[in-house]
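First comes the structure, then the notes that go with it.
Laboratory data are not the source of any read-out in this text; all were calculated from the coordinates shown. Fair warning: this is a prediction, and the values are worked out from it, not measured in the lab. Cβ sites come from the backbone with ideal geometry, for glycine too, and all protein chains shown count toward neighbours.
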């Protein structure tokens, strides 16, 4: 039989005033508890605690099966502990550590339970964890705010230049047209009208890039694979580019694909138009650009190569960011959205894109896209 010192609340006894000690049989029925433990749980006496409904101690998170597992572990190893919430008579809840020790006594043995209040350490841990989480959230929010601020700055810088140039051209041409009223001055009027059309097209292209970014980021762009006629797509792309090419520029195409190909022709066309228009924009007149398309074993490889101004290694790392433009092409019109859009289109097609470039020697962009070579059911 256990000695009564087990239940002493004297400073020299085993438990302190902040510890509940109890004895239960192998079935989990409590037979004794100490007065200090009863008071810890908000009861005036040991009898009041033992008479209270529910298991002793009151641990709402521990079901009957949990208590059984706890006793089994203590019986197997001699001692087992668990940390959980304990409820006082008032309904208040605090964190506690429950230790169960198996004692060989009489025929069946019994368990000694010790419950110590861990509210302060646990509260401190929770507060530290919450503080760390809030700091992480604040750091994340600050980073997002800084990124947004940088994006806004880039947008304002880009828009102030890209919109002003064509709008100025439109206004200037419209003003000059008024100065050519005579019939024989029709050629001069037509020249300015063409300049207005080109400026309006430039503005439309800028707005289309903005809209494309919005649709992509809102998840409104989806893929629609169909049987792809790659030579026809390339032919249409090159036809669209004719009005953008500088004098003497040529595009040489090489196609090596004989097997059926199922891909989204619209997204593929937008990727090629963007890459080839970039190649033309950043290359001099009378230069040659190459586009190679190879289809093998369910993988389409597109390579667009130019001999243009090239890109520095520092700028290459940021080329696929929104509104970013290489430092050596700031005098060339552009929004800094083209490669970002291309990268997102390639991602939608489950492909990859890579870029190799050297200043003054040109740029090579490689896009690899998987495809089905038979129609889906």
Check: How many nm separate the modelled label positions at residue 229 and residue 328, each set 7 Å beyond the Cα in the direction of the Cβ?
Finding: 4.1
Notebook entry, point to check: How much length, in nm to one decimal, is gained on full extension between residue 239 and residue 92, taken as 0.36 nm per residue of separation minus their Cα-Cα distance?
Noted result: 45.2 nm
Notebook entry, point to check: At a Förster distance of 30 Å, what's the computed FRET efficiency of residue 134 paired with residue 73, Cβ-Cβ distance as r, to 0.05?
Noted result: 0.25
Item checked: Full-extension gain in nm, residue 191 to residue 368, via 0.36 nm per residue minus C-alpha separation -> 59.5 nm
Note to self: Test of understanding: extend the Cα→C-beta vector of residue 143 to 7 Å, then name every residue of the range 296-330 with backbone N under 18 Å from that spot.
What the structure shows: 318, 321-322
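Considering just Cα atoms, how many Å³ per residue does the convex hull of the range 163-217 enclose?
For the range 163-217, the hull spanned by Cα atoms encloses 57 Å³ per residue.
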Next item on the list: With just the Cα atoms of the range 281-370, tell me how far they stretch along each of the three principal axes, in Å, largest first.
Entry: 41, 30, 21
Next item on the list: Give me 340, 180 ranked fewest to most by other Cβ atoms within 10 Å of their Cβ, as a rough exposure proxy.
Entry: 180, 340
Check: Relative to the present Cα-Cα distance, how much length would full extension add between residue 246 and residue 297 at 0.36 nm per residue of separation?
Finding: 14.7 nm
Note to self: Can you give me the distance in nm between label points at residue 101 and residue 178, each placed 7 Å from the Cα along the Cα-to-Cβ direction?
What the structure shows: 10.2
Notebook entry, point to check: Nearest 0.05, what FRET efficiency do residue 352 and residue 63 give at R0 = 41 Å with Cβ-Cβ as r?
Noted result: 0.20
Checklist line | Semi-axis lengths, Å, the range 34-120, gyration tensor of Cα atoms, sqrt of 5 times eigenvalues | finding: 22, 15, 12
Check: Put a dot 7 Å past each Cα toward the Cβ at residue 45 and residue 215; how far apart are the dots in nm?
Finding: 8.1
Note to self: Counting other beta carbons within 10 Å of each residue's own, what order do 228, 100 fall into, fewest first?
What the structure shows: 228, 100
